Structures are given as structure tokens and as C-alpha cells.
Amino acid sequence: MSKVSGRTERVAQAGETMIKVENLKKHYGGGGVFAQPSVKAVDGVNFSIKRGETLGLVGESGCGKSTLGRTLIRLEEATEGTISFDGTDVTTLTGDELKDWRRNAQMVFQDPESSLNDRMTIGEIIREPLDAHDWKDKQDRQERALDLLTAVGLREEHYYRYPHQFSGGQRQRVGIARALALEPEFIVLDEPVSALDVSVQAKIITLLEDLQEEFDLTYLFIAHDLSVVRHICDRVAVMYLGKIMEIGETEELYENAHNPYTRSLLSAIPHPDPSSSSHRITLPGTPPSPRDPPTGCQFSTRCPAKIRPEEYAHVEHEVWDAIERYREVVRERSRMSLGTFDRLKRSVGRFSAYDDIDETVADLFDDLDVPADIREHVETAAELVKDGRPEDARSHLIDEFNGVCDMQRPELHQVANGGHLSYCHRHTDEYEDVDPVITRRTRDT
Ligand code: SF4
């Protein structure tokens, strides 16, 4: 019998480790001689999920959280790493064992408008996975689909209706019934309530909680709404640019976040008390491309607590932020290749993609009190860009302004009890802790 085929074959204990993920990577593309660098959607993550718990996975859109969820249930193939389910690595399963894993691990998708086939009746949609796995006989399959309709709060007469006859909330109930059809133990809920009205969201969340208890389910709950996650999840993992930045028990993490990225995400939640002294941390710029992530910490291009090189430790925040934005612009320029036509136009003094760098320098630095040595480095890089050598400009800025956060990947450090881990150089004795740095920044801005 397969080790991954489901609840009927094993007496498992709530609270024991069910899924263990080690160094999991999912990269797309790359590989050929002329190919672009690969997209590093998930870039080496480690975590575990306990039986019966709900682990939340949060982060901005594009951070890799949906890809991670899809890779766990093998809708995507892992590039590297392992996903152990009760000790069996599911990334290597094939044939019947893979089929068993797919039966035991299901997914509920974000958009109930597009995730259901409009040409099938509700009954056919719920029954489809049972038919595909040849589950018992036709009569049993129909009875199971009818039972599931009731379990998710719909009625038996809905069996012969079509998705377009239902509201968004009802359609999501159908999606949940379908995911439950094969009696899975583990369900990935990929933004299951984001597309719904707030009042409907609460009902679906309650339904998911009730079903978890009734059917002993384990959830990975993917979301960008931090309030919803706080309500439903036992533990939370925070993801940025393919990496888990912090993971811990929900209340501990919300009340005592250690990672600068988590701190900035949480600071964006509106505070019920307007007189509260908590400050919002506004992150500059946008996340870098996952094709070209930073060499060091993934968050290093936007981090409000980034460790600077010694000689720039006392430069004003505004000046340092302008340097980071400038580096981002030059970094993007170095990724653009100047085509033959642009080169020709440039040779006769016409447009080139590189020629507006002076404008960028003026926009970023002219209103600031910039020390002479920094001004000199900024201008040297601008000249290199105008010379058509943006890679050299990027290297010049790297040589001058790179610090440990740019150059070295941090480790995951234990920051509190209960398996609370955070990925940051500032958790070592060598550097000042995150808290005073963030406090100074928010006070000064
Ligand atoms: S390692 Fe550096 S850049 Fe990354 S979160 Fe910590 S302080 Fe910020």
C-alpha cells in the first residue's frame, strides 16, 4: 500500500509533523546557451506543517506563495529540494503513488468565477475527481457528491444546476466540496476568500474551520490579507521574493515580529486606535525581478534596516534611500540590451534608452544634502551609463556601496520560543538588533 494514499491507512496524531519541506526550489526557464536567466519563483525554502494545523503563507503578489502551494501538491515539479509527507519524499513519486498523493493533497483556487467549468453541472464538477480516480461505483459517487453539497452548506437540488446560476460565495463552496471529494488530508487554500465580498468571506472562513474539525484536515492557507490570516491560522510564514523571511506562531509573530519585512507588512494594517504610536513603514521601490534577485538577502534593495558599509553608517536616511533607488535604476539599465537601431540613433545624437540618467540623478539627489564623495560616485556611474556601459556603472556602485546584506545570504535564526524563526543578519551578535534601527527610522521619517 502507498505511504501517501490517505487517512484510512494510518493512525496519525494531531500535532505531529505531517509535511517537511527542505531547500525547496522552483525555477522556470534558463538553461540554454541563449536563454535568459531562470525565474527563481521559490528559492530554497524550509518549513514544516503539523497535522491538523493551519499554516498561513503571506506576502505581496508575485512573491512565490502560489507557486510554492502548487509545488507542494505537485501541480508544479520542484527544481530542487524535498517535500516529505510522513517521511516519504513526494517529489520523486511516480505512477500509482503519485496518483495517491494527488488524491490526498488537494487545492482550492482563488477565483470561483473561473475555476469551475461552466458547461458542467454542479454535480458533475464535484463528482469529476471521483470519476477520474474510479472511486467506488456510479451510485456511490453520486451519493458522495450529494453529501458534500450538504457538508458545504448547499442543497441537494443544486446538483443539477450550473455554476453561472450561483453567487461567488456559493461557487467557492462548490470548489471546496470538489476538493473534499477524495477525502484528502491536506488542502492548499490559495487565496480562497480574496475574490469574495467581506460578509461572504466570513461565512467561507467559518465553513473552512468547521470542515477542518469535521474531517481532520490540515491546511496551507495562502493570502495577502493579514487580518484574515490572523483569524484562521495557527502559525504564519512570511514570504518575499521566493524566500521565507519569518515563521512562527500567529499571535507571537503578529505581536513580536522580528524580521524587517514582516515589520513593514504588519505596519500597513490599519490600527483601530488612531492615537496609537505605531508608525507605518513605507517600503521604497518595487521588489526586484525574480530573474535577477539580489545576491545577498532578498529584501536588501528595500529593507529599512539594511546594514550599511561602516563608512556610510551615519549618512542621512533620505540620502541612503536615494542611493538605493539609484542603484535600482542602474541595475535595470544593465538588464536592458541596447539594440542596433538605438545604437545607430545614438551615434547621430538622437534618442537612446540610456540618455535620461541625468534626469534621474537630478530627481533623486537635487533636493538632498549629498556628501561630496557620494555625489562623485553617483556622477561616475551616470557617466558610465551614458557611455553605454551600464554593467560597469552597476559594478562601480556595488564596489562602493555594497554591505553584508547585499553580499551574503542570511541564515534563519531562532528569535523566540515555539519555533519562531527569522531570516536576517541582524539576529547575530555582530550587528545592532532590528528593533532600535526600525524605531529610529520611523521616528525620523
Ligand atoms: S539581512 Fe539585511 S536586508 Fe535582509 S532583512 Fe536583515 S537587515 Fe534587512
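We did not get these values from a lab; they are worked out from the coordinates using the rules stated. Here the structure is a predicted model, which is why all the values come from computation and not from measurement. A quick note on method: Cβ atoms are made from the backbone with ideal geometry, for glycine too, and the neighbour counts reach across all protein chains shown.
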Exposure proxy order (Cβ contacts within 10 Å, fewest to most) of Tyr431, Tyr423:
Tyr431, Tyr423
Glu376-Asn256 FRET efficiency (beta carbon distance; Förster radius 56 Å; 0.05 resolution):
0.85
Positive dipole terminus of the chain, leading residue within Val319, Cys297, Gly30 (C-beta point charges):
Gly30
What fraction of the DSSP beta bridges in the chain is antiparallel, stated in percent and rounded to the nearest 5?
60
5 angstrom amide H check on Gly56, placed H, neighbours 5+ away:
Phe221, Asp234, Arg235, Val236, Ala237
Thr218's amide H: which non-local residues (gap 5+, or another chain) put their own amide H closer than 5 Å, with H modeled 1.01 Å from N in plane and none for Pro or chain starts?
Gly52, Phe186, Ile187
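Once you mark the GluC sites (Glu not before Pro) that are in a DSSP loop and have at most 14 other Cβ atoms within 10 Å, what is the longest gap between them in the chain?
Between exposed loop sites, the widest span is 114-315.
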Throw me the Rg/Rh for segment 7-233, computed over C-alpha atoms with Kirkwood Rh, two decimals.
0.97
Residues other than Gln298 with Cβ under 9 Å of its Cβ, Lys/Arg counted +1 and Asp/Glu -1, net out at +1
In whole Å, largest first, the alpha carbons of segment 365-445 cover along the principal axes 54, 29, 17
Show me, bin by bin at 5 Å from 0, the whole-percent P(r) of segment 18-148 based on Cα pairs.
2, 8, 15, 17, 17, 15, 13, 7, 3, 1, 0, 0
Between Arg280 and Ser114, Cβ-based FRET efficiency (R0 35 Å, step 0.05) works out to 0.55
Give the value in nm², to one decimal: projected area of the alpha carbon convex hull of the chain, averaged over all directions.
26.1
Would you work out which of Ala223, Cys63, Tyr159 lies farthest towards the positive end of the dipole of segment 7-233? Charges go on Cβ: Lys and Arg +1, Asp and Glu -1.
Cys63
In the calculated pair distance distribution of segment 184-307, what percentage of Cα-Cα distances lie above 19 Å?
57
One checks the Cα atoms of segment 226-269 and finds Rg and Dmax, in Å, of 9.6, 25
Scalar couplings 3J(HN,Hα) for segment 76-91 by Karplus 6.51 cos²θ - 1.76 cosθ + 1.60 (θ = phi - 60°), nearest whole Hz, x for Gly and Pro, are 10, 8, 5, 7, 7, x, 10, 10, 9, 10, 6, x, 9, 6, 6, 5
With θ set to phi - 60°, apply the Karplus curve 6.51 cos²θ - 1.76 cosθ + 1.60 along segment 294-311 and write out the HN-Hα couplings as whole Hz, x wherever there is a Gly or Pro.
x, 5, x, 5, 4, 8, 5, 7, 10, 6, x, 10, 3, 7, 8, x, 2, 5
Between Gln165 and Asp86, what length in nm is gained on full extension when 0.36 nm per residue of separation is reduced by their alpha carbon distance?
24.3 nm
Note down the magnitude of the dipole of segment 7-138 about its Cα centre, charges +1 on Lys and Arg C-beta and -1 on Asp and Glu C-beta and zero elsewhere, to the nearest 20 debye.
160
Around His377, what is the net charge, scoring Lys/Arg as +1 and Asp/Glu as -1 over all other residues with Cβ under 10 Å from its Cβ?
-4
Taking amide H positions as placed in the peptide plane 1.01 Å from N, state which residues far from Gly44 in sequence (5 or more) or on other chains have amide H under 5 Å from it.
Leu24, Lys25, Lys26
Output wanted: per-residue J couplings in Hz (rounded whole) for segment 312-320, from phi through Karplus 6.51 cos²θ - 1.76 cosθ + 1.60, θ = phi - 60°, x for Gly and Pro.
10, 4, 9, 5, 4, 4, 4, 5, 5
Quick one: net charge around Gly44, please, counting Lys, Arg +1 and Asp, Glu -1 for every other residue with C-beta under 14 Å from its C-beta.
+1
Check each of the trypsin sites (Lys or Arg not before Pro) in segment 123-211 and keep only those in coil by DSSP with at most 16 other C-beta atoms within 10 angstrom; list them in order.
Lys136, Arg155, Arg161
